[in-house]
1. Do you know which residues across region 65-78 are surrounded by fewer than 21 Cβ atoms within 10 Å (Cβ to Cβ) and either free of Cβ contacts under 8 Å to residues at least 60 places away in the same chain or closer than 26 Å to Ile37 by Cβ (or both)?
2. Mind counting the residues in region 114-129 that are aromatic (Phe, Trp, Tyr) and over 15 Å from Ile60 (Cβ atoms)?
3. Can you name every residue in region 79-103 that is of a type in the set (Gly, Ala, Ser), over 18 Å from Lys138 (Cα atoms) and loosely packed, with under 15 Cβ neighbours inside 10 Å?
4. Determine whether Lys138 is over 22 Å from Asp58 (Cα atoms), among the basic types (Lys, Arg) and out of contact with any Cys (no Cβ under 8 Å at 6 or more places or on another chain).
5. If we scan region 109-127, do we find a residue that is within 19 Å of Cys31 (Cα to Cα) and modelled with pLDDT under 85?
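The values are calculated or read from the model by the stated rules, or taken from the named source; none is laboratory data. Note that the structure is predicted; figures quoted are calculated from it, not measured. Positions of Cβ are generated from backbone atoms using ideal geometry, with glycine treated the same way; all protein chains shown enter the neighbour counts.
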Amino acid sequence: MLAMKLSIPSVDEIVKRSISAASRFPFALVCAVVATISAVWFSEVEFEKTKEYYWLSDIIFVTILGISLFTGIQTLSESLRWQKSLNFFAKFIGLILLATYYFGPEGYITEGANETFYRYAVLFLISHLFVAFAPFLKSPNVNEFWGYNKTLFLNFLISAL
């Protein structure tokens, strides 16, 4: 039987990697923090009052989209070697798109009809596919693409455990 060696990183290494990830993906991190705070807040709302807080659940939905959107923009920016100004401009456009979706004419996402949920599901899938494809839009290397996506999937599974 093969023995698997488990390597636990030191606290110092965890801090260094966390700072590195936060500086690389600041917009995605802000979206994650806002989504988490909003979800905790929404979970504390009494059931009878949830309709008064639909705006909060919409913030959760939109910021969850933002996590993958901004991660994809950052990886695309790195693969295309964008200047900082273009990278920031792309993220600004992403913010405008998220704000437009949040303040859209349909009203609350959580209050809407089924098509509202289908639209959100499609946007969710598109934003996640964007993360999978963004680094390879310039130079589509099949082996690197599948290696990258295998790593993404395995990291997802590990974090889900």
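1. Keep residues of region 65-78 that are surrounded by fewer than 21 Cβ atoms within 10 Å (Cβ to Cβ), which gives 76-78.
Result: Ser77, Glu78.
2. Residues of region 114-129 aromatic (Phe, Trp, Tyr): 117-118, 120, 124.
Narrowing further to those that are over 15 Å from Ile60 (Cβ atoms): 118.
The qualifying residues number 1.
3. We begin by selecting, within region 79-103, every residue of a type in the set (Gly, Ala, Ser); these are 79, 85, 90, 94, 99.
Cutting the leftovers down to over 18 Å from Lys138 (Cα atoms) gives us 85, 94, 99.
Passing the criteria: Ser85, Ala99.
4. Numbers: over 22 Å from Asp58 (Cα atoms): yes; among the basic types (Lys, Arg): yes; out of contact with any Cys (no Cβ under 8 Å at 6 or more places or on another chain): yes.
Yes: the conditions hold for Lys138.
5. yes
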